[in-house]
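All remarks here apply to the structure that follows.
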Amino acid sequence: MPKKTLGPFPALSNLATIDVNTANGLDILERANLVNSVLAEAGCNCNGHAAGLQRDEYWGGDLSELVSRCSPHAIPVLDQDGKPTTQTVSIKLETLRVEVDANNEICAWLYEES
């Protein structure tokens with residue numbers, strides 16, 4: 001099936017930064033809900049939607065992870081000498097794009113990290 005990419009989404013630009021480690025739980029949920037609304041407006045569907053077998057209709061797990069990873073977090077990387085180290089990164093939500101199949105079901109989340 002052919003796939004296409006949607007985004008970035010203007011409604012996700014210029015959002016205030018929230019740190020999931022210190023933010024109010026409601027602020028975190030509102031951010032996830034905003035992303036959900038933007039995706040719904042773009043006609044995106046969850047995996048299994050076309051067959052009536054939705055696994056996570058509102059992308060709860062995925063959106064929780066995306067919003068959490070917008071806060072600076074350490075990831076393992078290799079330095080110039082090939083030695084393991086860590087680097088602090090965060091997702092730039094304003095760069096979010098999604099790859100969808102012919103049914104507009106999201107297949108992949110695409111974004112840039114700082």
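No value in this document is a laboratory result; all are computed from the given coordinates. The structure displayed is predicted, hence computed values, not measured ones. FYI the Cβ positions are ideal-geometry reconstructions off the backbone, even for glycines, and counts take in every protein chain you see.
In the set (1) assigned to a strand (DSSP E or B); (2) loosely packed, with under 12 Cβ neighbours inside 10 Å, GLU99 fails one condition alone, (2). Can you tell me which residue in region 1-28 is farthest from THR95 (Cα to Cα), limited to those that are in a helix (DSSP H, G or I) and touching a residue at least 24 places away in the same chain (Cβ under 8 Å)? Per the stated criteria, the residue is ILE28. Remark: ALA51 falls outside the filter, which requires a residue to be over 9 Å from the mean Cα position of the chain (by Cα), farther than 30 Å from ALA23 by Cα and in contact (Cβ under 8 Å) with a residue 60 or more places away in the chain. Checking each residue in region 71-96 for being out of contact with any Asp or Glu (no Cβ under 6 Å at 6 or more places or on another chain), closer than 24 Å to GLU30 by Cα and either of a type outside the set (A, V, I, L, M) or not in a strand (DSSP E or B) (or both) picks out PRO72, HIS73, SER90, GLU94. Across region 42-70, the qualifying residues are those that are in contact with a strand residue (DSSP E or B) (Cβ under 7 Å, 6 or more places away or on another chain) and not in a loop (DSSP other than H, G, I, E, B), and the one among them that is nearest to GLU30 (Cα to Cα) is LEU66.
Among what's in region 37-52 and is of a type outside the set (Gly, Ala, Ser) and surrounded by 13 or more Cβ atoms within 10 Å (Cβ to Cβ), pick the residue that is farthest from ASP101 (Cα to Cα).
First pass over region 37-52, keeping only residues of a type outside the set (Gly, Ala, Ser): 38-39, 41, 44-47, 49.
Among the residues that remain, those that are also surrounded by 13 or more Cβ atoms within 10 Å (Cβ to Cβ) are: 38-39, 44-47, 49.
Working: VAL38: 18, LEU39: 14, CYS44: 10, ASN45: 10, CYS46: 11, ASN47: 10, HIS49: 11 Å.
Per the stated criteria, the residue is VAL38.
Within region 57-69, restricting attention to residues that are surrounded by 13 or more Cβ atoms within 10 Å (Cβ to Cβ) and closer than 17 Å to VAL38 by Cα, the residue that is nearest to the chain's Cα centre (by Cα) is LEU66.
Do we find a residue being assigned to a loop (DSSP other than H, G, I, E, B), among the polar types (S, T, N, Q) and surrounded by 14 or more Cβ atoms within 10 Å (Cβ to Cβ) anywhere in region 29-36? Scanning region 29-36 turns up no residue that is assigned to a loop (DSSP other than H, G, I, E, B), among the polar types (S, T, N, Q) and surrounded by 14 or more Cβ atoms within 10 Å (Cβ to Cβ).
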